[in-house]
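The values are calculated or read from the model by the stated rules, or taken from the named source; none is laboratory data. Treat the numbers as computed from the prediction; the structure is a model and nothing was measured. Glycine gets a Cβ as well: all are built from the backbone with ideal geometry, and neighbour counts include every protein chain shown.
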Amino acid sequence: MAVMSYLEAIRETLRQEMRHDQRIIIYGEDVGVRGGVFRVTEGLQKEFGEDRVIDSPLAEAAIIGTAIGAAVNGLRPVPEIQFADFIFPAFNQIVQEAARIRYRSNGEFGVPLVIRAPFGGGVHGALYHSQSVEAFFAHVPGLKVVIPSTPYDAKGLLAAAIQDEDPVLYFEHKAAYRSIKGEVPEERYIIPIGKADLKRPGKDLSIITYGLMVSYAQKAAETLEKEGISVEILDLRSIRPLDVEMILETAKRTGKVLIVHEDNLTGGIGGEVSALIAEHALFDLDAPIMRLAGPDVPAMPYSPPLEHAFMVTSDKITEAARKLAKF
Amino acid sequence: MATLNMTPELLKEMYYTMALSRALDDRMWILNRQGRAPVVYSANGHEAVQVGSAMALNRGEDWIVPYYRDLAMVLAYGMTPREVMLHLLGRADDPNSGGRQMPAHWGLKRRHILTTGSVVATQDVHAAGLALASKVLKDGRVSMASFGEGSTSQGEFHEALNFAAVHKLPVIFLNENNGYAISVPARKQMAIMDVAAKAQGYGMPGVIVDGNDPVKVYEVTAEAADRARRGEGPTLIEAKTYRFVPHSSDDDDRAYRSREEVAEWKKRDPVITFEKRLLDEKVMTAEELKTFQQRIKDEVNDATDFAEKAALPDPATLWRYVYAD
């Protein structure tokens with residue numbers, strides 16, 4: 001089986017799905033000739049032509065709004081927003097148009113659309129190239145929000161998103177693009193959206209997380225294993241819909257839950273996961289639910305000490321998990 | 001009329017649809033004032049631009065993405081009076097939305113009328129996107145978005161025209177300029193006289209047309225559609241017109257425009273002037289007109305009765321159609 005980076009897995013999935021389905025088009029800022037600022041779409045315009053891999057004008061609302069029209073009229077658009085931070089000019093098109101078209105037309109129209117966007121910090125991207133924006137969209141019925149943590153998941157989830165009949169936001173952690181590698185099968189496969197994945201079984205406590213934080217949590221678990229603390233890791237993979245069943249199972253199994261995300265603490269997905277556990281598994285808990293998240297400051301600063309202070313790291317996860325284990 | 005390349009049948013259908021729209025519109029206001037319909041948005045005054053443009057398209061095949069003013073347009077595009085009334089009264093069988101949307105939020109898949117929201121100019125980019133798919137799929141379709149002049153202040157109006165022009169998309173942008181965005185006059189919306197002048201900045205033709213003359217609107221729209229089908233890209237059409245009634249049944253236009261101004265425009269009421277033209281030019285006989293008027297009355301009565309007797313949505317359906325599965 002081929003070993004690929006997270007980024008290569010995304011690119012090869014786009015290529016494979018585009019070969020399979022002529023209706024798929026890609027567009028966005030710099031995705032054509034340049035192959036995207038991160039090179040995710042490199043070589044795709046050469047293979048599929050300018051009609052299917054389109055360098056669009058620099059206007060996010062138009063990128064998403066035209067993708068909605070194109071989806072209704074028979075294509076499967078996979079537009080890219082260059083940085084998740086730039087998605088907000090298209091917020092109305094995503095939240096009030098794409099997400100509602102099926103509902104407001106009483107099921108007559110649908111919008112099969114995948115919006116890809118790199119998110120997350122730790123790469124000196126500062127306030128406008130580092131954000132985690134997923135909670136805004138996870139709040140919205142009609143949308144699905146997918147965040148893979150490994151190359152294998154990236155492929156299966158992207159294929160599922162492309163084949164889905166509804167709008168899917170597919171967030172890729174930019175720090176994972178080249179740092180995370182893994183085995184990816186050659187053949188096509190899908191991972192159903194809404195299924196979490198137990199990335200590591202354990203006994204003493206559960207870390208529930210997603211995206212880049214999964215690999216940080218794994219590193220923390222290895223450290224803690226040497227101290228005799230057994231950590232279970234549940235990778236949510238999609239934050240809308242949430243896999244409620246697996247969330248409750250892991251909470252009941254270990255009795256201690258640490259929820260980790262890079263997104264800001266307040267209003268982040270951790271609050272929702274925590275509420276679910278409190279509602280349905282409170283009496284199986286041996287300790288209060290703990291959250292470790294990005295601090296409630298407007299966004300990630302640029303200068304290294306400030307950026308580091310914002311970022312959730314393996315060390316911070318290790319420390320929080322150790323504290324929880326000792327409760 | 002002698003220069004017209006249009007059959008008498010089409011001209012009469014134009015008139016019939018305009019008059020039907022006016023009659024339905026009047027009925028909706030009555031229902032509102034009687035407390036039987038919560039809110040009404042009117043096409044009253046806009047019938048010529050809406051019917052003239054719609055009939056120049058390949059109806060039911062080409063896409064239209066209308067706005068809330070477009071009652072006459074959706075009628076011309078094949079929505080029935082019964083369907084309009086089901087929508088007004090929020091009935092379960094409303095094909096626009098199953099009673100979910102406010103009145104005048106049109107959408108009818110069967111006739112290629114895309115569902116619409118309330119935030120203005122969002123539909124402009126959707127029309128460009130429909131056209132993008134037509135270009136890629138080579139399906140020969142043209143798309144048309146319509147909108148008021150107020151919405152041309154929105155960023156998405158600009159983004160749609162720019163995107164469509166760069167990619168030479170088969171799309172028509174139809175502005176129904178009635179001079180007011182609710183109460184705000186066009187001079188507070190833009191520092192130029194004509195919406196059409198904006199086209200130059202995007203590299204597409206901008207055409208001004210008398211929006212109270214359905215034949216002229218038909219001609220410029222047909223030309224724009226031909227241009228789009230030839231692969232020459234989008235056109236911006238500005239149809240100058242007027243709305244004879246307040247913005248909605250909750251508005252009072254006496255607060256922002258004089259009765260004299262309204263009376264002046266009413267001299268050019270598109271339904272009345274077109275009726276006179278067809279009679280004068282002997283396209284339509286007085287007998288035919290009488291038959292039309294009776295048929296319209298019957299249709300409006302039938303639609304009202306039908307919709308009032310129709311079932312309301314079952315609350316249990318609230319959860320339906322959030323997702324496909």
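To keep it simple, each residue is scored yes or no on (1) closer than 23 Å to residue B:32 by Cα; (2) of a type in the set (A, V, I, L, M, F, W, C); (3) surrounded by 11 or more Cβ atoms within 10 Å (Cβ to Cβ).
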| site | (1), (2), (3) |
| --- | --- |
| B:247 | yes, no, yes |
| B:252 | yes, no, no |
| B:256 | yes, no, yes |
| B:263 | no, yes, no |
| B:294 | no, no, no |
| B:315 | no, no, no |
Does residue A:149 satisfy the condition of being buried (at least 24 other Cβ atoms within 10 Å of the Cβ), more than 14 Å from every other protein chain (Cβ to nearest Cβ) and under 11 Å from the mean Cα position of the chain (by Cα)?
yes
Please go through segment B:121-148 and give me each residue that is surrounded by fewer than 24 Cβ atoms within 10 Å (Cβ to Cβ) and acidic (Asp, Glu), ordered by number.
B:139
Restricting to segment B:259-295, name every residue that is within 24 Å of residue B:216 (Cβ to Cβ), touching a residue at least 40 places away in the same chain (Cβ under 8 Å) and touching a helix residue (DSSP H, G or I) at 6+ places or on another chain (Cβ under 8 Å).
B:270, B:271, B:274, B:275, B:278, B:283, B:284, B:288, B:292
Of the numbered conditions (1) farther than 14 Å from residue A:65 by Cβ; (2) in a loop (DSSP other than H, G, I, E, B); (3) within 10 Å of chain A (Cβ to nearest Cβ), residue B:119 fails exactly one; give the number of that condition.
(1)
Sort through A:19, A:39, A:11 and tell me the only one that's among the basic types (Lys, Arg), in a helix (DSSP H, G or I) and either under 24 Å from residue A:178 (Cβ atoms) or within 14 Å of chain B (Cβ to nearest Cβ) (or both).
A:11
Can you name every one of the helices (runs of 4 or more DSSP H) wholly within segment A:120-217 that holds 3 or more residues which are among the basic types (Lys, Arg) and at pLDDT 95 or above?
none
Condition first: charged (D, E, K, R), surrounded by fewer than 23 Cβ atoms within 10 Å (Cβ to Cβ) and in a strand (DSSP E or B). Now tell me which residues in segment B:175-221 satisfy that.
B:210
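For (1) in contact with a strand residue (DSSP E or B) (Cβ under 8 Å, 6 or more places away or on another chain); (2) in contact (Cβ under 8 Å) with a residue 60 or more places away in the chain; (3) at negative phi, each residue gets a yes or a no:
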residue	(1), (2), (3)
A:203	yes, no, yes
A:208	yes, yes, yes
A:214	yes, yes, yes
A:233	yes, no, yes
A:248	no, no, yes
Is one or more of the residues making up segment B:82-103 without any contact (Cβ under 8 Å) to a residue 24 or more places away in the chain, acidic (Asp, Glu) and under 18 Å from residue A:104 (Cβ atoms)?
yes
Does residue B:97 count as in contact with a helix residue (DSSP H, G or I) (Cβ under 7 Å, 6 or more places away or on another chain) and under 27 Å from residue B:265 (Cα atoms)?
no
Over segment A:248-273, the set of residues of a type in the set (Gly, Ala, Ser), closer than 16 Å to residue A:321 by Cα and in a helix (DSSP H, G or I) is A:251, A:270
Which one of the conditions (1) buried (at least 17 other Cβ atoms within 10 Å of the Cβ); (2) more than 9 Å from chain B (Cβ to nearest Cβ); (3) under 20 Å from residue B:128 (Cα atoms); (4) of a type in the set (D, E, K, R) does residue A:52 fail to meet, given that it meets all the rest?
(2)
Go through segment A:61-85 and count every residue that is surrounded by fewer than 24 Cβ atoms within 10 Å (Cβ to Cβ) and in a helix (DSSP H, G or I).
1
Any chance segment B:45-59 includes a residue that's within 16 Å of residue B:247 (Cα to Cα) and in contact with a strand residue (DSSP E or B) (Cβ under 8 Å, 6 or more places away or on another chain)?
yes
Of all the residues that make up segment A:223-241, how many are within 16 Å of the chain's Cα centre (by Cα) and buried (at least 20 other Cβ atoms within 10 Å of the Cβ)?
7
I'm trying to understand the selection: among the residues of segment B:124-174, which are more than 9 Å from every other protein chain (Cβ to nearest Cβ) and either free of Cβ contacts under 8 Å to residues at least 60 places away in the same chain or assigned to a loop (DSSP other than H, G, I, E, B) (or both)?
B:138, B:140, B:142, B:149, B:150, B:152, B:153, B:154, B:157, B:168, B:170
Can you tell me which residue is nearest to residue B:63 (Cα to Cα) among those in segment B:110-120 that are touching a residue at least 12 places away in the same chain (Cβ under 8 Å) and surrounded by fewer than 23 Cβ atoms within 10 Å (Cβ to Cβ)?
B:112
Against the definition (in contact with a Gly (Cβ under 9 Å, 6 or more places away or on another chain) and within 14 Å of chain A (Cβ to nearest Cβ)), how does residue B:317 come out, yes or no?
yes
Need the failing condition index for residue A:27 against (1) of a type outside the set (A, V, I, L, M, F, W, C); (2) over 20 Å from the mean Cα position of the chain (by Cα); (3) within 11 Å of chain B (Cβ to nearest Cβ), just the number.
(2)
Only one residue in A:67, A:99 is in contact with a strand residue (DSSP E or B) (Cβ under 8 Å, 6 or more places away or on another chain) and within 14 Å of chain B (Cβ to nearest Cβ). Which one?
A:67
Within segment A:104-140, restricting attention to residues that are among the β-branched types (Val, Ile, Thr) and either over 11 Å from the mean Cα position of the chain (by Cα) or within 14 Å of chain B (Cβ to nearest Cβ) (or both), which residue is surrounded by the fewest Cβ atoms within 10 Å (Cβ to Cβ)?
A:123
Selection count where residues are in a helix (DSSP H, G or I) and under 19 Å from residue A:117 (Cα atoms), scope segment A:42-60
3
What pairs come out if I take residues in segment A:137-153 that are of a type in the set (Val, Ile, Thr) and pair them with residues that are part of a loop (DSSP other than H, G, I, E, B) whose C-beta lies under 6 Å away, six or more apart or interchain?
A:140/A:99; A:146/A:193; A:147/A:210; A:147/A:211
Please work out if residue B:6 is among the hydrophobic types (A, V, I, L, M, F, W, C) and modelled with pLDDT of 95 or more.
no
Which residue out of B:253, B:226, B:210 is free of Cβ contacts under 8 Å to residues at least 12 places away in the same chain and under 22 Å from the mean Cα position of the chain (by Cα)?
B:226
